[in-house]
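The values are calculated or read from the model by the stated rules, or taken from the named source; none is laboratory data. Since the structure is predicted, the reported quantities are computational estimates derived from the model, not experimental observations. All Cβ positions, even for glycine, are placed from backbone atoms using ideal geometry, and neighbour counts span all protein chains on display.
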């Protein structure tokens, strides 16, 4: 009876250990790969593929995650095939130190799972997702990995593995306007601008994009780092943009910038005419009037 208890305890221990390793592997792979902003390689997993060399760790996915504060994470999903035993292995490298995936050693890996069979990728183009599946102890394991930070038309591009780091708010993504960070990673407070109660009328809002009287850009666009969003103002009639501020848009209120009339407002060739109390490009709440201030911004008073 005692021997049976020992055998059962050992079996239970190794079963729990295998499950823990598998869960850790899935968590790390999903957390790293789903946040990729630049994908450089994805190999089709077929043992007949001449790029898959037995007894050699082969990169099957390479990518990079770049965060707004310039932090980078380099990601390699590695594959190993033991031809004699007909067993496969997977490993992940995810680190801020750039290394060539082909030069990695086992000690570099973040997590690894071994004794697998039937490892394969399946690309689901319309969902911007890949399915990674394999057998472990004859049990099917499936990991669905969405590419949140890559464009939806990624797979239709001829050279889609050479996509640049994406930052456009209007990029056609799975969830437009959303950038997904790896878990446990947050932007330092000094990389985000503005507080919730900042008011333009109190002079507390930060300019995040600006032009001079000659419509030359004086502050490059950095509104993507505004903590509570940003808003445009009506004033100078520059074809290449308008002055923008970090903060909650309270347009039309007393002392705040006037509201643009429509999504695309008319810009006059005369910059002075645009910032005018008679402008048709902006409006205020009932009882308030347009006023062109010293910064050439239409406000409501």
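The rows are residues; the columns are (1) loosely packed, with under 15 Cβ neighbours inside 10 Å; (2) at pLDDT 80 or above.
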position	(1), (2)
146	no, yes
162	yes, no
173	no, no
187	yes, no
200	no, yes
236	no, no
245	no, yes
* **Leading residue by the ranking (nearest to residue 283 (Cα to Cα)) among those in segment 220-234 that are more than 23 Å from the chain's Cα centre (by Cα) and either in a loop (DSSP other than H, G, I, E, B) or modelled with pLDDT under 85 (or both)** => 234
* Asked: What do you reckon, is residue 272 more than 33 Å from the chain's Cα centre (by Cα), modelled with pLDDT under 90 and either part of a loop (DSSP other than H, G, I, E, B) or buried (at least 20 other Cβ atoms within 10 Å of the Cβ) (or both)?
  -> no
* So is residue 35 modelled with pLDDT of 70 or more, assigned to a loop (DSSP other than H, G, I, E, B) and under 32 Å from the mean Cα position of the chain (by Cα) or not? -> yes
* Residue list for segment 116-131, filter: in contact with a helix residue (DSSP H, G or I) (Cβ under 9 Å, 6 or more places away or on another chain) and within 20 Å of residue 56 (Cα to Cα) -> none
* Structure fact -> Taking segment 38-59 and the residues there that are surrounded by 12 or more Cβ atoms within 10 Å (Cβ to Cβ) and at pLDDT 85 or above, the one that is farthest from residue 85 (Cα to Cα) would be 59
* Asked: If you take the residues in segment 124-144 that are under 22 Å from the mean Cα position of the chain (by Cα) and touching a residue at least 60 places away in the same chain (Cβ under 8 Å), which one is surrounded by the fewest Cβ atoms within 10 Å (Cβ to Cβ)?
  -> 143
* Structure fact -> When segment 202-212 is checked residue by residue, the ones that are part of a loop (DSSP other than H, G, I, E, B) and surrounded by 14 or more Cβ atoms within 10 Å (Cβ to Cβ) are 204, 205, 206
